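I have placed the structure first, in the form of structure tokens, so that the comments after it can refer back to it.
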Amino acid sequence: MFNDIGPLELVTIIVLAVLVFGPDKLPKVIQDVTRTIRKIREFSESAKHDIRSELGPEFKDFEFEDLNPKTFIRKQLDNDELGLKEIRNGFDLKKEMAEVTDAVHGHESEASSSSSSSLSSSGGRIDMTKKPEDTGKDDRPPFDADAT
């Protein structure tokens, strides 16, 4: 319940409670608060039980925590039927990033050695200024006078 409250904060709350309510009224206030929390929990559990009984036997394993979108998505992604764990384990992000970095800097890696025919002979870089070979003058598309 108090997962995000540290020990110093808890001591501060206790000291403030003693100062506000006084040492003589503090036990009664603590009893009232615990009684209220207990009633809220009982009400919540009875509401969950009523909802489960109204949904029927198809939803006997229904969990209300699954209504939280984060929990629902996490539960669906951890499902073994989808095969996402194999995909996640088979993907090596560091290796992929190293290959991309090598390609950007012009270094030839083992995986790209087969594509060396597309690289020019000047240090493994592609010459972007080359013009394509002249394929011929008759390769123009036909002129359509009606289209203009």
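A few remarks follow.
- Furthest towards positive pole of dipole, F72, V18, S46, structure part the range 1-84, Cβ charges: V18
- Here is the list for the range 1-59: chymotrypsin sites (Phe, Trp or Tyr not before Pro) lying in DSSP coil, each with at most 12 other C-beta atoms within 10 angstrom of its C-beta, are F2.
No value in this document is a laboratory result; all are computed from the given coordinates. Computed from a prediction, not measured in an experiment: that's the story for all the values here. When we count neighbours, we look across all protein chains shown, and the Cβ atoms used for this are built from the backbone with ideal geometry, even at glycine.
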